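Everything below concerns the one structure shown next.
The values are calculated or read from the model by the stated rules, or taken from the named source; none is laboratory data. Remember, predicted model here, so these are calculated numbers, not experimental data. Every residue, glycine as well, gets a Cβ built from its backbone with ideal geometry; the counts of neighbours run over all protein chains shown.
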Amino acid sequence: MDINYFSKVRILDGGMGQELLARGLIAKGTLWSATALMEKKYHKLVVDTHLAFIEAGADVIVTNNFSSRKLRLIENKSEEYFNYVNEKAGELAATAKAISKKNILIAGSLPAQNSTYMVDERNKDIIEKNFFDQAKLIKPFIDFFYLDVLSSGKEIEIALNIVEKMNLPVLVGIHVGKNGKLPSNESISQIIQKYKNEKWLGIITACVSPEIVESTVNEIKKFNIPFGFKVNLWKEDPIPAQAFQKSFNAYKDSPDKAINPNEVLGKRLEYTDKMFFDFSKKIMDKGATILGGCCETNPSHIQKISILKN
């Protein structure tokens, strides 16, 4: 693909996992969106949800394997499904693209391989194998990799090494807190200066609030690379992640007691698609070319901002 793809305004999709739950997915334990890949009865729902974002104007859809990382499956006693669910995520995204008959791209999700919003302190070799095992399964279906809500330079470096071996470009998605830094306490500037390479399509702040995007945009724009966001509409900031994670621990071994993450973090019901448009336009006017949503953003949000690329 064109390494300069994001030099013009492009629209990413919204939050697949939360949209699947809103459309009727009954999750097991903390598998959430991965449940829709494990159970055949939900496969059409995944395709239809991808299609909803495409029809809303998304130029890029992300494979639905964020919760299909190996550790999450092990926690839910479902490790044997690892190959199946990751391949199925790529297959269903490709099916949606084919049905749409639109020239959209598919980004392959490479999420944090341990807990979301937290630094992975495990041995480098373990993290590398986890990234590689997931990447090789989705690669046949995608146009580029998306580092999906990573929390440290260590994880970014490991993932980039895997991407290099796969010979595909990459969009880097970093999570930052209200202090403008990653959970690892590294700054956005440090990440770009240390890890940027010729495979980068751009960088976005991922699964962060609109307010965090606004507070960090000036730091990112000075590097003169494509940048943007995938914002969430959680009511509460998920950091400190230790408290967030604790809320779910009781459900790892209880598939029949699954909860929706918004029961812990809440959702900003007052944040209309018009507000999302106004925010996106403001950040675009500051130079952002990569616009999209994460948790609790739905097709109506994406449709509202789709006119910004025209």
Filter pass, V213 being β-branched (V, I, T), touching a strand residue (DSSP E or B) at 6+ places or on another chain (Cβ under 6 Å) and either in a loop (DSSP other than H, G, I, E, B) or at pLDDT 95 or above (or both): yes
Identify, by number, the condition in (1) buried (at least 18 other Cβ atoms within 10 Å of the Cβ); (2) assigned to a loop (DSSP other than H, G, I, E, B) that S33 doesn't meet. (2)
Here is a check on your reading of the model: is L160 in contact with a helix residue (DSSP H, G or I) (Cβ under 8 Å, 6 or more places away or on another chain) and either more than 26 Å from S187 (Cβ to Cβ) or not in a helix (DSSP H, G or I) (or both)? no
Just for the range 245-276: of the residues that are touching a helix residue (DSSP H, G or I) at 6+ places or on another chain (Cβ under 7 Å) and of a type in the set (F, W, Y), which one is modelled with the highest pLDDT? F276
In this structure, does L160 turn out to be within 15 Å of the chain's Cα centre (by Cα) and either surrounded by fewer than 24 Cβ atoms within 10 Å (Cβ to Cβ) or within 10 Å of L110 (Cα to Cα) (or both)? no
How many residues does the range 170-208 contain that are acidic (D, E) and within 16 Å of E219 (Cα to Cα)? 1
The condition from (1) within 18 Å of the chain's Cα centre (by Cα); (2) in a loop (DSSP other than H, G, I, E, B); (3) acidic (D, E) that D2 misses is numbered (1)
Is it true that I104 is modelled with pLDDT of 95 or more and in contact with a strand residue (DSSP E or B) (Cβ under 8 Å, 6 or more places away or on another chain)? yes
Among N197, N185, the single one that is farther than 15 Å from F6 by Cα, out of contact with any helix residue (DSSP H, G or I) (no Cβ under 9 Å at 6 or more places or on another chain) and surrounded by fewer than 16 Cβ atoms within 10 Å (Cβ to Cβ) is N185
